[in-house]
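Heads up: the structure comes next, in structure tokens.
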Amino acid sequence: MDMLMEWLPRLGALLTMAIGLAGLFKPTLITDGCDIELKSSKGLSEARAIFGGMMLGVGLTALVLGDPNVYLALGLGWTGATAARFLSMALDGSTMKESIPPIVIDGTAALLALSSQL
């Protein structure tokens, strides 16, 4: 059981890195799923930076440092993203149907990273 608890936060970091790799090398995979239109090279660069570089960098940092506080920060970041999805349903009128997949992904990443605190 201890081995599992040791690997759960790492899986959260790996999930974050996988999203980052997709965002870096295939940003339209993420943006198309979110109905974000990239109309210029500047927009594509921004998507690569945030969905790619940021996610990849944060996930890699968590893996390299292996510090529970880094996993806490990663988990709290994903928790904030999950909470923002619920807020968006209330304020922006996004539907439960379109919100469930990203909530599941964000929530899973949050729970995996936060498991380092158990």
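Computed from the coordinates by the stated procedures, all read-outs in this text should not be read as laboratory data. All of these numbers come straight from a predicted model, not from anything done at the bench. Here the Cβ is made from the backbone with ideal geometry for all residues, glycine too, and neighbour counts use every protein chain on show.
Quick look at the values:
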item: Residue tally, condition among the aromatic types (F, W, Y) and under 16 Å from L8 (Cα atoms), over region 70-92; result: 2
item: Sole residue being part of a helix (DSSP H, G or I), touching a helix residue (DSSP H, G or I) at 6+ places or on another chain (Cβ under 7 Å) and either surrounded by fewer than 17 Cβ atoms within 10 Å (Cβ to Cβ) or touching a residue at least 40 places away in the same chain (Cβ under 8 Å) (or both), chosen from A49, A73, A109; result: A109
item: Residues (of a type outside the set (S, T, Y) and crowded, with 17+ Cβ neighbours inside 10 Å) located in region 15-46; result: L15, M17, I19, G20, A22, G23, L24, P27, I30
item: Residues of region 76-98 that turn out to be in a helix (DSSP H, G or I), touching a Ser or Thr at 6+ places or on another chain (Cβ under 7 Å) and not charged (D, E, K, R), as a count; result: 2
